[in-house]
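Report on one structure; see the data block that follows.
We did not get these values from a lab; they are worked out from the coordinates using the rules stated. Please read all numbers here as calculations on a predicted model, not as lab measurements. As a convention, Cβ positions derive from the backbone with ideal geometry for all residues, glycine included, and neighbour counts pool all protein chains shown.
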Amino acid sequence: MPGDVETLAGQWRSARPPVAGIHADSAACSRQSFAVIDAASRHATHEAEVGGYVAAEAAAPALDAGRAAVRALTGMVDAEVYFTTGSNHGLDILLSSWPGERTLACLPGEFGPNLKIMAHHGFEIRELPADEFGRLDLGALGSALTSHLPALVHFTVLGSHSGIVQPAHAVISACRAHGIPVIIDAAQGFGHLDLADLGAADAVYTSSRKWTAGPRGVGVLATRPGLLPDYPRQQLAHAETNVGLHVGFSVALGEHVAFGPAAIQARLREVGAATRAALDHVAGWRVREHADEPSATTTLRPPDGVDPMQVRSRLLAEHSILTTYLGVERAPREMHQPALRVSPHVDVTDEDLAAVAAALAAVTR
Ligand SMILES: *Cc1c(COP(=O)(O)O)cnc(C)c1O
């Protein structure tokens, strides 16, 4: 209902500091709420009052609530949940302690920095079958897995370079059937998509700052009980960390749950459709996703001779519009040319999108 949507958007917007211009960059880093900022700052104050280790003990219930939200949002009901410094940290921990053979299958559109971590840990990479848009070819998955069984599947449910939503639940089921462990990269999917059916995954990791709008420098790793060996588990439990940011992320997750994950996700699907409708064909830019792809991430291919890096800079400098430049290193096995990403959150308005379209036309000429 439009009334509810307006309420959600209005509440989300008024819960945070006023935005300078138009923020269409949630896939990189959303805007934190006052409550999240205050929670992290109050924890630092408490550390100064009672001592950092005593304050950490007092924060334990807040962190447990954050972990419980992660279990609920992933459907991993009995998962061990660890705070990390981000998604790449989670993947690094998983792969560095991987006990088995080091072969791994992933999508052709795999995130570039993930590929580097995989290579660093000696993993040989095989590609899962995908169509011309980079979407997993489910029909071909079974035979691809049996013809050369990888030791592990790494599946990115939503990429950084495209708004195409990948079928994580179906992949987990197929991997289960073949006895292959599966790790889910939910850096772009968590909070954004309904991921409450990932319960059979071996591990899911994500970042705080993207669609859940928590602080930077924090993430979570959820694993099936006992997946991690003792050493990395102890390291995660005892490493020096910024507990205040964990508290802030936990508060962000609490806010997400209070808004209602289904309501946020429905609104984000609307935002994606509205963004694509507003921007496709503007000054020769073309939207890569189908108009109704169920995500809020829109990627735009430039017209010939237009440099998306320059356009991103000019949108910010001349129009106070924040977007993302996507170089091919984001997804080196799939991207052939750079692109521009527009990823507003639930509070974007039609006027905002019209202003983005007008500014895009102005800076493209
Ligand atoms: C942002 C991102 C990452 C890395 O997250 P960090 O928190 O920066 O380590 C991994 N995978 C995808 C798909 C991402 O978008």
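Below is a table of values for the structure above.
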item	result
HN-Hα J in Hz across the range 140-153 - Karplus 6.51, -1.76, 1.60, θ = phi - 60°, x for Gly and Pro	9, 5, x, 5, 5, 5, 6, 5, 9, 4, x, 6, 7, 10
Sites residue 336 and residue 216, calculated FRET efficiency, Cβ-Cβ separation with R0 35 Å, nearest 0.05	0.70
The chain - Debye-derived log10 I(q)/I(0), Cα point model, q = 0.07, 0.09, 0.11, 0.13 Å⁻¹	-0.30, -0.50, -0.76, -1.05
Computed label-point distance, nm, for sites residue 241 and residue 177 using a 7 Å Cα→Cβ extension	3.7 nm
Extension gain from residue 140 to residue 361, taking 0.36 nm per residue of separation minus the Cα-Cα distance	75.5 nm
Projected label distance in nm at residue 57 and residue 291, using a 7 Å step from Cα toward the beta-carbon	6.1 nm
Rounded Å value of the spacing that divides the Cα centres of the range 228-279 and the range 23-79	10 Å
Nearest-0.05 FRET efficiency for residue 64 and residue 281, computed from C-beta distance (R0 56 Å)	0.70
Overall form of the range 265-365 per C-alpha gyration tensor (a/c, 1.5; a/b vs b/c)	oblate
Convex hull of Cα atoms in the range 1-76, direction-averaged projection (nm²)	7.7 nm²
Ascending count of other beta-carbon atoms within 10 Å, so fewest first, for 161, 319	319, 161
Packing-based exposure ordering (other Cβ within 10 Å, fewest first) of 82, 205, 231	231, 82, 205
Nearest-0.05 FRET efficiency for residue 131 and residue 194, computed from C-beta distance (R0 25 Å)	0.65
For the range 1-143: rounded, prolate or oblate by the Cα gyration tensor [a/c cutoff 1.5]	oblate
Derived scalar couplings ³J(HN,Hα) [the range 24-29; Karplus, 6.51 cos²θ - 1.76 cosθ + 1.60; whole Hz; x for Gly, Pro]	10, 9, 5, 5, 9, 5
Three-way shape call for the range 97-156 based on the alpha-carbon gyration tensor, with the a/c threshold at 1.5	oblate
